[in-house]
Structures are given as C-alpha cells and as structure tokens.
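What follows is a short report on a single structure.
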Amino acid sequence: MENCQLCQAYKNEKSRIFMENEHAFAIIAKWPLNEGHSMVLPKKHVKDLSELPSEEIKAVMELCEKVVAKIDEKLDKSTITMLNSKGCRTQEHLHFQLAPLKKEIGVRDLVNALEKNSLYPEVSDEQMNKLADQFK
C-alpha cells in the first residue's frame, strides 16, 4: 500500500531490515522501546492476522522465533515481550513488536517504564543500521 509507512520501510529502508523469508520481514523499530526492539511484519499489507492464509501466518511466526533467538544471542536477554495491539496501532499494517528485556526486568517493569518515559525516543539512522547489521 503506497501510503503505509511500514510498506514503504520494506521498499526504502533496507538497511533496517535484518532478516526475512518469503512472506515476512524483520526490521529494527524506528522508535524503539529499548535496545533491540524489533518488529516482524508480513510483506503483504493486511490489518489483521485473520486476513493471511495459514502458510503466511506460519512464516510470520517462524520469523518471530528466529528474531527472538538472534536478539537473545546478540544481546543476552532472557525475555522477549511480543506485542500486537490490534486496536492501538499507529500503522494499519499488521506487525509484531519484539521488545527484549534484561534478565532482571519483567514485563511489569517495562510497562511502568513506558508510563514514565517517552514512547518515541529519538534514534539515529546510524544507530538503527548498526543494530540491524549486528542481527544479520
């Protein structure tokens, strides 16, 4: 879809993409919650998981599994929080947010931190590209 920022990211921001398969891609989040925050998206523009055929759902979930393993390997994180907030997205393109947590931090700590801090910290293209290269 032409006006979708996430479709455009796949076409125009290849340096942020660090993993993909036939039906999905993984990209470093442009406005990360924390270091390693990534997103996995279907290549097809859909709003909801129910719009994808089962083969493509499987491809998205398999890529999520690989991204979690890569984040854990490179950043030594023990928990990956996977979010898909259907009704609260800023983009109308299905995506799964993968937010790594330090071993001593739990999901409640993450939620508390989000309530106290900006949801959209500034991160340079250089920082995003460096992290994408690390995950490749």
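The values are calculated or read from the model by the stated rules, or taken from the named source; none is laboratory data. The structure presented is a predicted model; accordingly, all values stated were derived computationally and were not measured. With ideal geometry, Cβ positions are generated from the backbone for all residues, glycine too; neighbour counts draw on all protein chains shown.
Per-structure values
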item	result
Residue under evaluation G36, criteria (1) within 17 Å of L94 (Cβ to Cβ); (2) touching a residue at least 12 places away in the same chain (Cβ under 8 Å), criterion not met	(1)
Identity of the residue in the stretch 7-39, outside any helix (DSSP H, G or I) and in contact with a His (Cβ under 7 Å, 6 or more places away or on another chain), that ends up nearest to L131 (Cα to Cα)	A29
A99 vs. criteria surrounded by 14 or more Cβ atoms within 10 Å (Cβ to Cβ), of a type in the set (G, A, S) and either within 13 Å of A29 (Cβ to Cβ) or modelled with pLDDT of 70 or more (or both)	yes
Candidates K74, K70 - the one that is among the basic types (K, R) and either modelled with pLDDT under 75 or within 14 Å of the chain's Cα centre (by Cα) (or both)	K70
